[in-house]
Number of protein chains: 4
Amino acid sequence: MKNKKRFAIIGGDLRQVKMANGLAKDGYYVKVFGFKDIEFAPNVIKAHNMQEVVEGTDVIVAPLPCSLDNESVNTPFYDGKIFFNDLFKHISKNQLFVGGKISEKISNLAKVYNIYIVDYFEREELTILNAIPTAEGAIQIAMEELPITLHNSHCLILGFGRIGKILARMLLGIGANVTVEARKYQDLAWIKSYGYNGVHLNQLEKVIGNYDVIFNTIPSVILDTEILSKIKKDCLVIDLASKPGGVDFEMARDMGLKVIWALSLPGKVAPNTAGNIIKDTIFNIIDELGV
Amino acid sequence: MKNKKRFAIIGGDLRQVKMANGLAKDGYYVKVFGFKDIEFAPNVIKAHNMQEVVEGTDVIVAPLPCSLDNESVNTPFYDGKIFFNDLFKHISKNQLFVGGKISEKISNLAKVYNIYIVDYFEREELTILNAIPTAEGAIQIAMEELPITLHNSHCLILGFGRIGKILARMLLGIGANVTVEARKYQDLAWIKSYGYNGVHLNQLEKVIGNYDVIFNTIPSVILDTEILSKIKKDCLVIDLASKPGGVDFEMARDMGLKVIWALSLPGKVAPNTAGNIIKDTIFNIIDELGV
Amino acid sequence: MKNKKRFAIIGGDLRQVKMANGLAKDGYYVKVFGFKDIEFAPNVIKAHNMQEVVEGTDVIVAPLPCSLDNESVNTPFYDGKIFFNDLFKHISKNQLFVGGKISEKISNLAKVYNIYIVDYFEREELTILNAIPTAEGAIQIAMEELPITLHNSHCLILGFGRIGKILARMLLGIGANVTVEARKYQDLAWIKSYGYNGVHLNQLEKVIGNYDVIFNTIPSVILDTEILSKIKKDCLVIDLASKPGGVDFEMARDMGLKVIWALSLPGKVAPNTAGNIIKDTIFNIIDELGV
Amino acid sequence: MKNKKRFAIIGGDLRQVKMANGLAKDGYYVKVFGFKDIEFAPNVIKAHNMQEVVEGTDVIVAPLPCSLDNESVNTPFYDGKIFFNDLFKHISKNQLFVGGKISEKISNLAKVYNIYIVDYFEREELTILNAIPTAEGAIQIAMEELPITLHNSHCLILGFGRIGKILARMLLGIGANVTVEARKYQDLAWIKSYGYNGVHLNQLEKVIGNYDVIFNTIPSVILDTEILSKIKKDCLVIDLASKPGGVDFEMARDMGLKVIWALSLPGKVAPNTAGNIIKDTIFNIIDELGV
């Protein structure tokens, strides 16, 4: 069944393009709509309108994020508008609609139209796998900005969630001295077992002056004025946490610290990988639904 | 406060001996009871009876497991009996009693005597850190039993919990080809992100014939007759899961497979490390209690 | 003795600036000349002319490369000219002159003036340590150029010399699938023992189509027309070999392949690290001379 | 041609048995002689005498070491004697004779009989690959003997040759703190680049008291009385160097240190791997000879 699924890819950026080409390459039937001047693989079918793209498919794929205005599909490569209001009219209850970061409004709209939707951004495996391009993007930024090699440098990671775990491993793999901050004893046990130095949040102040680069992954302000004042002047701070982020940016700027707020890295630094991650996640959804 | 804590170590094996010596070396006041013919560090005080060992201490430490008969302390190095019934009479409510795998019966007895007890074996960080000597012990067994090097061998780990995670990392570090079986997509995402091969439980049958050594960490019978029949004849199976274990042992024996059931490895292969883990965990308990 | 050495740093780029500051920070007496508008650490002494910078020092340090025109010191941060002809007049035979890539002409000139010179670029440890920033620079370029993550990508390294060895290790550490090409069986044995895939030069043609990125480290044209024609169209080729390089560039361009020739990476991507490497090497020279 | 080679395996231990079975499994014609009560794979032909085993084969394989008495083949699994004197009579100049550690006497005898011989033990790739089981064997011994885990332990490796390089990598992979002693600055540069701590021989005395286990790989006595006296009392010393070894054993024993002299590990701890290494090396020899 899975092998016979037919896909409609509607809107999105390079990740969606990659996904369409990838599906086509694997022998799936793929139609696309919402892309202008983009060259797809030969066997990807370019639909001319909403009805055409949806017709005869099993899975309709919206981008990540699904929408920027809560009304139309997010279509950076298209100058028209694809309103969910219209789109949903063409989708039947036997089709599966998947998208990323689907808002409550759009979700409710789908209910009205009796459409079965799944938000792939809420899948744990996608979040884990996205941590890989995020960590690589962070490493790329550090390499670009620092006048030293990461090898043999002293790196501090704030937080030991998904990004922290993968970043720590990669940095160690490059040859950095890696310290990870955490709050829970069990996280500190993991940190030790993986061969990193661990530091408890309440000891952070004492050691924060030792690092060449600090990666924050915690979405709450850890690096406040007091702690910022103890960081080395030439230390680079890369904030990977979504708003509000973990750094008091204004204060950091006033202190002359270099802080980079790096968000949404997967789509930027590795769109093909990010597209594949979405694709694989959609297949997991299909598998679990058993449709 | 923590620096001034006084400890009573009652019964146990080499781990407790190591802990007593380690505490004494770090400058703590330590009394011991329940050890015969064991040489301790010079500044460890050997008490002559229950009353003496408990008196004037802040923390009373029982071994892991606390008891084998639900009545007396587990004292492999002592020929007498230390009954909890008696022991608890000497402990006041201002003292902290810690032990490992404290049974409900002993726990209830402590309540009767109004004693504050904590089971350090239930601490997540101890379980995580214990996975390190467990993984090393498993590797040691594999090295001893296999006529090939682990380097370049094909290893399969069943389960990606604490032991699975640490074992996978060490095996990769030695140069093995590491495959990990898991059931959840999110675990498979982690497995991929860490650079191991992942295999879903429902694909296990297809690949199980490829491995030189299989480490089971799942406490339910995964390796049943059907799957066992597909394992290579010279494959080594090491079962690290507590009862019932993950292998149908009788069936495996009948098939001529070499299966080793390896339990309680930390105290066996690395008593000093295991003793330190218990010690560190006890300090975490003290820290959190803020006593 | 070593602790009392006095240094003159003449000309150079950020690496020399870093070295001067590093020496001063470690408590050495340091004079500099040949830098305009560069801020040094407070205890670095800015000399006003050749005589002044050389006077009273033990070790005179020229940059890497020492000279671009074979007549004057390489001074990218200075608009005047410092001719070796003049400079050498101020140096006595009790002083040590060190520089990088010292040409035969300058070397001969030193003989005329009876000056003891050592070329630190010919030191094996400098070449090895320089491979670290070179490998990191190559990884940075790959991350910037590729639409996929290095994690899980298929990387091929041509050659298993200094750069090949360190690059392979870092790529594996990031989570890439690493294949290394070599010609000698003993190199292939090392490649296997380190956990990479090995491919013999004479098998290269068969596998070269499998890679997402190819790093060349061999200074002779391995990637000729025939082999180039088998590379994937979206494969990135990074050539790290000094002239003539290992890629037929014109042919590659005609084929639409993306080839980047990346030379002299250490000074570009990590000047501080590169400066420290030169500094450490100079101390090794001093140690061995026993002066 | 290589695919059609016919092999005669004469004498040896489990490595030779493994090699015979491996060759047969790969479809080669294999005859064996000099093994009693050993079960081979079904398609291995058991010859009844010297003439029969040699007849019709292309490559005659003697064990490692080739001989223990300089007169007869080393046949631990056979109670008769196979004298080279006799054996060589049956070998023609069109056949290739390979063995390990061929003495000058046997080599000269081969010349008399006009037989082309190659000593596979002199091949660099075999020595490199043998360092893998040697390193694993050393790790196994350390795991068996130490009451602590290697993870987080402090390990010192004396020497950064083949065994030192592979052992360092594996120990780091398990999670140990790894320090390597070397004498040459270029080795120290490699040690640093690979992420180990480096210590120069002339600083050894100052740090040797910090280690839990010391692996010696240098075949000359580094650990003399003076240095031995500074080692921790509970430190384990594993000597992997061939005679005279790197440890003053008598002195070490008098001091109460635990020293293990571990020689010829590949054949002991991983005979199958060791057999495969010999097999692969023989194929390399055949390849290079182009026969």
Only Lys, Arg (+1) and Asp, Glu (-1) charged, at Cβ; the protein assembly as shown dipole about Cα centre in debye: 0 debye
Across A:122-129, the residue-averaged tally of Cβ atoms belonging to other chains within 10 Å stands at 5
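Let me check against my output: what whole-number percent is the relative contact order of segment C:92-239, with C-alpha pairs under 8 Å and at least 6 apart?
On the way: 210 pairs, mean separation 28.2, N = 148.
Computed over segment C:92-239, the figure is 19 percent.
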Cβ-vector label at 7 Å, C:Trp261, separations to other copies in nm: 4.3, 5.8, 6.8
Once the label point is placed 7 Å from Cα along Cβ, list for C:Lys233 the distances to the corresponding points in the other copies, in nm, shortest first. 5.1, 5.3, 7.4
A:Asn114 neighbourhood, Cβ < 13 Å, K/R = +1, D/E = -1, net charge +3
In debye, nearest 20, what is the charge dipole magnitude of chain C about its Cα centre with +1 on Lys and Arg Cβ and -1 on Asp and Glu Cβ, if you could check? 600 debye
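Which whole-number percent is the relative contact order of chain D (Cα, under 8 Å, 6+ apart)? Write down the numbers at each step before the final one.
Numbers: 554 pairs, mean separation 46.4, N = 291.
Relative contact order of chain D: 16 percent.
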Among DSSP beta bridges lying fully in chain C, give the percent that are antiparallel, nearest 5. 0 percent
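Using a 1.4 angstrom probe, figure out how much accessible area segment B:130-266 has per residue, in square angstrom, rounded to the nearest whole.
Here the per-residue accessible area is 37 Å².
List every DSSP H helix in chain C whose Cα atoms extend 30 Å or more along the helix's own long axis and whose mean Kyte-Doolittle hydropathy is at least -0.5.
Numbers: long enough: C:124-145 (31 Å, 0.31).
Flagged H segments are C:124-145.
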Segment A:2-122 - share of DSSP beta bridges that are antiparallel (%, nearest 5): 5 percent
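Which order do peptides C:199-211, D:118-130 fall in by mean Cβ count within 10 Å, highest first? Can you show the working numbers first?
Details: C:199-211: 14.8, D:118-130: 21.5.
Ranked by mean Cβ neighbours within 10 Å, highest first: D:118-130, C:199-211.
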If I model a spin label as a point 7 Å beyond the Cα along the Cα-Cβ vector, how far apart are those points for C:Gln203 and D:Asn108 in nm? 4.2 nm
At a 10 angstrom cut-off on C-beta neighbours, averaged per residue, how do the peptides B:139-151, B:69-81 rank from highest to lowest? B:139-151, B:69-81
Chain A Cβ-axis minimum, rotational copy C, residue and distance in Å: A:Gly173, 1
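Any idea what diffusion coefficient the protein assembly as shown gets from Stokes-Einstein, in µm²/s, Kirkwood Rh on alpha carbon pairs, 20 °C, 1.002 mPa s?
Details: Rh = 33.9 Å.
Once the numbers are plugged in, D ends up at 63 µm²/s.
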Give the average, rounded to an integer, of partner chain Cβ atoms located within 10 angstrom of each Cβ in D:188-201. 5
Pull up all non-local amide H partners of D:Val180: gap of 5 or more, or a different chain, and H-to-H distance under 5 Å with H placed in the peptide plane. D:Ile157, D:Asn197, D:Gly198, D:Val199
Towards the positive end of the charge dipole of chain D, with charges on Cβ (+1 Lys, Arg; -1 Asp, Glu), say which of D:Ala142, D:Gly209, D:Leu289 has the farthest Cα. D:Leu289
Give the nm distances, rounded to one decimal, from A:Asp69 to the matching residue in every other copy, measuring between label points 7 Å along Cα toward the beta carbon; shortest first. 6.2, 8.1, 9.7
Note on segment A:130-266: C-alpha Rg/Rh, Kirkwood Rh, two decimals, gives 0.92
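Would you mind working out the magnitude of the charge dipole of segment A:2-122 relative to its Cα centre, with +1 at each Lys and Arg C-beta and -1 at each Asp and Glu C-beta, to the nearest 20 Debye?
Dipole about the Cα centre, nearest 20: 400 debye.
Before rounding to the nearest 500, sum -39500 (n - 2.57) across all DSSP H runs of length at least 4 in chain B and divide by the residue total; then give [θ] at 222 nm in deg cm²/dmol. Display every interim value, and only then the final one.
Working: 12 runs with 112 residues, N = 291.
Estimated from H runs of four or more residues: -11000 deg cm²/dmol.
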Taking the Cα-to-Cβ direction at B:Glu250 and at D:Lys89 and moving 7 Å from each Cα, how far apart do the two end points lie in nm? 6.2 nm
Alpha-carbon centroid distance for the pair segment A:129-184 / segment D:150-200, whole angstrom: 23 Å
Relative contact order in percent for segment B:25-142 (Cα pairs under 8 Å, 6+ apart) equals 21 percent
Distant alpha-carbon pairs in segment A:2-122 (separation over 21 angstrom), percent: 29 percent
Just for the protein assembly as shown, what percent of DSSP beta bridges are antiparallel, to the closest 5? 5 percent
Can you pull out the buried accessible area for chains D and B, both sides counted, probe 1.4 Å, rounded to the nearest 100 Å²? 1900 Å²
Can you compute 3J(HN,Hα) from phi for each residue in segment D:205-217, using the Karplus curve 6.51 cos²θ - 1.76 cosθ + 1.60 with θ = phi - 60°, rounded to whole Hz and x for Gly and Pro? 3, 6, 10, 4, x, 8, 9, 8, 8, 10, 9, 9, 10
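Could you work out the mean count of beta carbons from other protein chains within 10 Å of each residue's beta carbon in A:260-272? Write out the running numbers ahead of the final one.
Numbers: counts 0, 0, 0, 0, 0, 0, 1, 0, 0, 6, 8, 2, 7.
The shielding value for this peptide is 2.
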All-pairs alpha carbon distance profile, chain D, 10 Å steps from 0, percent: 6, 26, 27, 19, 16, 6, 0
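The values are calculated or read from the model by the stated rules, or taken from the named source; none is laboratory data. Here the structure is a predicted model, which is why all the values come from computation and not from measurement. Backbone-built Cβ (ideal geometry, glycine too); neighbour counts: all protein chains shown. SASA here: full protein model, heavy atoms, side chains in, ligands and nucleic acids out. Shrake-Rupley method; radii C 1.70, N 1.55, O 1.52, S 1.80 Å.
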